[in-house]
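Data block below; observations after.
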Amino acid sequence: MNELSQGLRHTRNGDGAIVLDVDRGKMFSTNATGALLFELLSAGLDDATIVARFAEAFEIDAGVAAADLSAFRELLSQHSLLAASSGQSE
């Protein structure tokens, strides 16, 4: 499981969330679905719990929620918002 970089701060707003990468001085915005996924990842929850809570919140199938989580992680990775880890397993 990938962890978020330590230098990230976020706040939720009516449209989603704003994420600040303190270490690099960059800001990112997410929609409401991204805001919830970011909060769940920030809480350090395991993937099964994240998928269950996300699926429940948006009334979607767990398979769709798992695919959304994977896609969101890929987006975070593209923006270097995930901590480098060794020997990770998902």
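The values are calculated or read from the model by the stated rules, or taken from the named source; none is laboratory data. This is a predicted model, so every value here is computed, not measured. Here Cβ is always computed from backbone atoms with ideal geometry, including for glycine, and neighbour counts include all displayed protein chains.
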Q. Among the residues of the range 1-26 satisfying the criterion of being under 23 Å from residue 64 (Cβ atoms) and small (Gly, Ala, Ser), which is surrounded by the fewest Cβ atoms within 10 Å (Cβ to Cβ)?
A. 16
(Q) Need pairs with beta-carbon distance below 6 Å; first residue aliphatic (A, V, I, L, M) and within the range 1-21, second modelled with pLDDT under 80; sequence gap 6+ or separate chains. (A) 1/90
Q: Select from the range 27-50 the residues that are surrounded by fewer than 17 Cβ atoms within 10 Å (Cβ to Cβ) and without any contact (Cβ under 8 Å) to a residue 40 or more places away in the chain and list them in ascending order.
A: 27, 29, 31, 32, 33, 39, 42, 43, 45, 48, 49
Q.
Quick check on my filter: what residues within the range 69-85 are free of Cβ contacts under 8 Å to residues at least 40 places away in the same chain and in contact with a Phe, Trp or Tyr (Cβ under 7 Å, 6 or more places away or on another chain)?
A. 69
Q) Failed condition for residue 69, given (1) surrounded by 13 or more Cβ atoms within 10 Å (Cβ to Cβ); (2) over 11 Å from the mean Cα position of the chain (by Cα), with all others met? A) (2)
